[in-house]
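Structure, as structure tokens:
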Amino acid sequence: MEKNQWTVGVDLGGTSIKMAFINDEGRIIDKWEIPTDLSEKGRFITRDIAKSIEEKLEQKGETKDKLVGLGMGAPGFINFENGSIFEAVNIGWKNYPLQEKMEEAIGLPVAVDNDANLAALGEMWKGAGEGAKDLLCITLGTGVGGGVISNGAIIHGIGGMAGEIGHITSITDGGYTCNCGRKGCLETVASATGIRRLAIEGLEKHTESELYTVFQKQQDLTTKDVFDAARNQDAYALSIVDHVTYHLGLALSNVAILLNFQKLVIGGGVSMAGETLLEPLDRHIKALTLPGVYQGLEIVRATLGNDAGVIGCAWLINKKLNRL
Ligand SMILES: [Zn+2]
């Protein structure tokens, strides 16, 4: 393996594209962002990325020889055999040959996967999952994303949809409509959006709660407000956290029985609640899964934050090029 070379990690989102140069030890050398150009169904995206990388190399006094390849994460369902996108709704791509287009634009080997899977790989390589080969990484943010790694490899399924834990059905009757068009998905309960909605919905019946006072002041509530109140032992806030962690714990207990993974890595904005989230979640998982499965399981918070995606991208392209 040649020393002192870099890979490029590219984490594509609907509003911005995060990019980084990463060395062979998985350390970020430099990171930056550009806006995502969604015009003409995203046809300029690969060109913009290539141009930005070339500019950055020049700024750093380096040439393209410094780079061995590029790993890229996209929000959508991926055909990992050829790196094409079945569908990425937020970008406008359908049956889009992303890997081929990106290779054409940059002139380097490219590997592509789903963004949630790459965050999981990043945490496995350099984050909270370090040392584990069997892990589940979930992201509790605006939505609920998941990546499943079994024996060191991402599980994709035939349509690239494996690990979409946010769409496990949690509420079988009377659930809210999910972005996927179905009702009662875990995402409608355990995402920041779901928690906020749940808290606001019951407020009128809980005028004694500190959340009621906060709402009067702000005319809105955040997930952080809910967890702050729960930390103050506010009964209404605690009941919401219990409802959320019960449904999250139920889904994760069943997945844990299926996969018997070693680490459950929890990331995303909601995970900032720390022990106020993890303690009741751990309790529900313990009660709902097999004792033997629970004993081998470690529940931890993600440590890489927004960098997990680009670090996972670096792992992916290094793996493809047999550099790991
Ligand atoms: Zn759904």
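For beta carbons closer than 7 Å, sequence separation of 6+ or different chains, a first residue in segment 167-188 that is without any contact (Cβ under 8 Å) to a residue 40 or more places away in the chain and a second that is among the polar types (S, T, N, Q) and within 8 Å of the ligand (Cβ to nearest atom), the qualifying pairs are 175/188; 176/188; 178/188.
One residue alone among 308, 251, 229, 302 is more than 23 Å from the chain's Cα centre (by Cα) and among the aliphatic types (A, V, I, L, M), and that residue is 229.
Would you mind stating whether residue 142 is within 21 Å of residue 74 (Cβ to Cβ), surrounded by fewer than 22 Cβ atoms within 10 Å (Cβ to Cβ) and under 16 Å from the mean Cα position of the chain (by Cα)? So residue 142 fits the description; yes.
Go through segment 74-99 and give me each residue that's assigned to a loop (DSSP other than H, G, I, E, B) and free of Cβ contacts under 8 Å to residues at least 24 places away in the same chain. Once the filter is applied, which keeps residues that are assigned to a loop (DSSP other than H, G, I, E, B) and free of Cβ contacts under 8 Å to residues at least 24 places away in the same chain, segment 74-99 yields 81, 82, 89, 97. Against the test of being basic (Lys, Arg), within 10 Å of the ligand (Cβ to nearest atom) and surrounded by 14 or more Cβ atoms within 10 Å (Cβ to Cβ), the options 183, 133 yield a single qualifying residue, 183. Screening the candidates 147, 202 for the property of being of a type in the set (Gly, Ala, Ser), over 26 Å from residue 88 (Cα atoms), more than 16 Å from the ligand (Cβ to nearest atom) and outside the structural domain of residue 86 (by TED's automatic domain parsing) yields one hit, 202. Just to be sure before I move on: is residue 78 out of contact with any Asp or Glu (no Cβ under 8 Å at 6 or more places or on another chain) and either of a type outside the set (Phe, Trp, Tyr) or surrounded by fewer than 20 Cβ atoms within 10 Å (Cβ to Cβ) (or both) in the structure I sent? No, not satisfied. Of the residues 255, 189, 265, 241, the single one that is assigned to a helix (DSSP H, G or I), away from the ligand (no atom under 16 Å from the Cβ) and among the aliphatic types (A, V, I, L, M) is 241.
Note on segment 150-167: residues that are assigned to a loop (DSSP other than H, G, I, E, B) and either away from the ligand (no atom under 12 Å from the Cβ) or among the polar types (S, T, N, Q) (or both) total 10. Residues that are surrounded by fewer than 18 Cβ atoms within 10 Å (Cβ to Cβ) and not aromatic (Phe, Trp, Tyr) occur at least once in segment 123-130.
Residue 298 meets the conditions (1) out of contact with any strand residue (DSSP E or B) (no Cβ under 6 Å at 6 or more places or on another chain); (2) in contact (Cβ under 8 Å) with a residue 24 or more places away in the chain in every case but one. The failed one is (1). Evaluation of residue 175 against the conditions (1) under 15 Å from the mean Cα position of the chain (by Cα); (2) part of a loop (DSSP other than H, G, I, E, B); (3) under 24 Å from residue 273 (Cβ atoms); (4) within 16 Å of the ligand (Cβ to nearest atom) shows that the sole unmet condition is (1).
Residues in segment 302-311 that are crowded, with 17+ Cβ neighbours inside 10 Å and either more than 22 Å from residue 75 (Cα to Cα) or not charged (D, E, K, R) (or both): 302, 304, 308, 309, 310, 311. Criterion first (modelled with pLDDT of 95 or more, within 16 Å of the ligand (Cβ to nearest atom) and part of a loop (DSSP other than H, G, I, E, B)) does residue 142 satisfy it? Considered against the rule, which asks whether it is modelled with pLDDT of 95 or more, within 16 Å of the ligand (Cβ to nearest atom) and part of a loop (DSSP other than H, G, I, E, B), residue 142 comes out as no.
Table: residues versus (1) of a type in the set (Ser, Thr, Tyr); (2) closer than 30 Å to residue 124 by Cα; (3) at pLDDT 95 or above; (4) not assigned by TED's automatic domain parsing to the domain that holds residue 80.
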{"residue": "156", "(1), (2), (3), (4)": "no, yes, no, yes"}
{"residue": "172", "(1), (2), (3), (4)": "yes, no, yes, yes"}
{"residue": "186", "(1), (2), (3), (4)": "no, yes, yes, yes"}
{"residue": "191", "(1), (2), (3), (4)": "yes, yes, yes, yes"}
{"residue": "197", "(1), (2), (3), (4)": "no, no, yes, yes"}
{"residue": "211", "(1), (2), (3), (4)": "no, no, yes, yes"}
{"residue": "216", "(1), (2), (3), (4)": "no, no, yes, yes"}
{"residue": "239", "(1), (2), (3), (4)": "yes, no, yes, yes"}
{"residue": "243", "(1), (2), (3), (4)": "no, yes, yes, yes"}
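The values are calculated or read from the model by the stated rules, or taken from the named source; none is laboratory data. None of the values given here were measured: they were computed from a predicted structure. Backbone-built Cβ (ideal geometry, glycine too); neighbour counts: all protein chains shown.
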